[in-house]
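Colleague: Dumping the structure here so I can ask a few things about it.
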Amino acid sequence: MKRILVTGATGKTGSLVLKQLRKQSDRFEAIGFARSPAKITELFGSTAGFIVGDITDKSSLESAIKGCDALVILTSAVPQMIAPPSDGKPPQFAYPPDGMPEIIDYQGQKNQIDAALQAGIEHIVLMGSMGGTNPNHILNKIGNGNILIWKRKAEQYLIDSGIDYTIIRAGGLIDELGGNRELLIGKDDLLSTNPPDGISPIIPREDVALVIINALIEANARNKAFDIISKPEDAPNATVTKDFASLFAQATGGM
C-alpha cells in the first residue's frame, strides 16, 4: 500500500488520476490536494480524502505531504479569456497576477519538490507539456507567461533534486476514452515537429492518467523524462498499449 498525494486534483487530468487511483484501493491510498472546497465537493461529492491548501503556501504543502510515499504533481497555471473572438480576431487570454506561470509552474512546483525532499518522498511523477524546446512556442506567448519555459525550469529542478522522478510531457489533450490507443514515447518534441506518419500529436486525458498511474507501479518508469502522444484509434497496424513496463523501457533519463 502506497500513500500518494495528488496536487492539482480538481483539474481535468488531476481528477481523473485521483479517481483512478482510488479504484485501486488495495494498492494506493490517494490523497487529493486542491484550493477550493467548493470545487472539490462539486467533483467528488465531499472533501473527504482531500487536503485544502495552496502550492504557494509551503506550510500547507509540508503538512499535506507528511507520511506519503509518492507525489503526483498536476498543477498548472491556467489563462483566462479577457476578450472573446470578434471581427475575425481570435480570443485573447491572460493570467491572473497571482496565477502567472512563474508563480504556479515554477515556484509552486519548486515548493512541492522542496516539501517532498523534506518529507523523504521516494518518487515524484510530474506532468509537463510538449513544446518546451521551442522558446517561441505559441503557448509561451499567451499573456507573456512563457509557461513552457517555466515548466522546463521546474522539470530541471526536479531532476537535480535527487528524488526519483518521472516527467511526462503530454501532447495536445483531448477528452476521449482511454485504453483504446497505441501510445508513442519520444523526446525533444520530435513527436510534435516530426510526428510518425503525419499523425496529430494528441492524446486522451484518460490515457495520460493511465500512464501516470502505471509510472507509480513500474520500477523502470523512474528517472525517466519523455514526451507522449497516441496513434488514432483506427490507425493501421496499431496495437493498443497494455504493457506499460515495455512502454517505459523506451524512455530515457534527463531532460
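The values are calculated or read from the model by the stated rules, or taken from the named source; none is laboratory data. What you see is a predicted model, and the numbers here were worked out from it, not measured in a lab. As a convention, Cβ positions derive from the backbone with ideal geometry for all residues, glycine included, and neighbour counts pool all protein chains shown. Only protein heavy atoms, including side chains, enter the accessible area calculation; ligands, DNA and RNA are left aside. Shrake-Rupley method; radii C 1.70, N 1.55, O 1.52, S 1.80 Å.
Colleague: What residues have an amide H closer than 5 Å to that of PHE28, excluding those fewer than 5 places away on the same chain, when H is modeled at 1.01 Å from N in the peptide plane?
Modeller: LYS2
Colleague: When the dipole is taken about the Cα centre of segment 1-48, and only Lys, Arg (+1) and Asp, Glu (-1) are charged at their Cβ, what size is it in debye, to the nearest 20? Display every interim value, and only then the final one.
Modeller: Working: 9 positive and 3 negative charges, 23 e Å.
Its charge dipole is roughly 100 debye.
Colleague: Same structure again: Among SER86, SER76, SER200, which one moves the most in a GNM of the chain with springs linking Cα atoms closer than 10 Å?
Modeller: SER86
Colleague: Right, here's the next one. Taking H placed 1.01 Å from N in the peptide plane, check which residues at least 5 places from VAL125 or on another chain put their amide H under 5 Å from its amide H.
Modeller: LEU71, VAL72, ILE73, THR166
Colleague: To the nearest 20 debye, what charge dipole does the chain have about its Cα centre, counting +1 at the Cβ of each Lys and Arg and -1 at the Cβ of each Asp and Glu?
Modeller: The calculated dipole for the chain is roughly 260 debye.
Colleague: Residues with beta-carbon under 11 Å from that of THR241, excluding THR241: net charge, scoring Lys, Arg +1 and Asp, Glu -1? Intermediate results must be reported in sequence, preceding the final value.
Modeller: On the way: positive: ARG181, LYS231, LYS242; negative: GLU182, ASP207, ASP243.
Net charge around THR241: 0.
Colleague: Per q in 0.10, 0.14 1/Å, what log10 I(q)/I(0) does a Debye calculation on the alpha-carbon atoms of segment 20-154 return?
Modeller: After summing over all Cα pairs, the log10 values are -0.40, -0.75.
Colleague: Given the options ILE82, ILE65, ILE202, state which has the largest fluctuation in a GNM of the chain using a 10 Å cut-off (strictly under) for Cα springs.
Modeller: Largest GNM mean-square fluctuation: ILE82.
Colleague: Roughly what % of DSSP beta bridges within the chain run antiparallel, to the nearest 5?
Modeller: So the antiparallel bridges amount to about 20 percent of the total.
Colleague: Going toward the positive end of the dipole of segment 137-220, with +1 on Lys and Arg Cβ and -1 on Asp and Glu Cβ, which of PRO196, ILE217, LEU148 do you reach last?
Modeller: LEU148
Colleague: Another question, if that's okay. DSSP beta bridges in segment 1-149, what fraction antiparallel, as a percent rounded to 5?
Modeller: Of those bridges, close to 20 percent are antiparallel.
Colleague: With a 1.4 Å probe and every protein chain kept in, tell me what percent of the accessible surface of segment 113-206 is carbon plus sulfur. Each step should come with its number before you reach the end.
Modeller: On the way: 1990 of 4070 Å².
Reported share for carbon and sulfur atoms: 49 percent.
Colleague: Let me ask you something else. Below 13 angstrom from the Cβ of ASN111, what's the summed charge of the other residues (Lys, Arg +1; Asp, Glu -1)? All intermediate terms of the calculation are to be shown ahead of the outcome.
Modeller: Values: positive: LYS58, LYS110; negative: ASP54, ASP57, GLU62, GLU102, ASP105, ASP114.
Taking every other residue near ASN111 into account, the sum is -4.
Colleague: Another question, then. What translational diffusion coefficient, in µm²/s and rounded to a whole number, does the Stokes-Einstein relation yield for the chain at 4 °C and a viscosity of 1.567 mPa s, taking the hydrodynamic radius as the Kirkwood radius over Cα pairs? Before the final figure, lay out the partial values.
Modeller: Values: Rh = 18.6 Å.
Once the numbers are plugged in, D ends up at 70 µm²/s.
Colleague: Kirkwood hydrodynamic radius, computed over distinct alpha-carbon pairs, for segment 88-136: how many Å, to one decimal?
Modeller: About 13.6 Å for segment 88-136.
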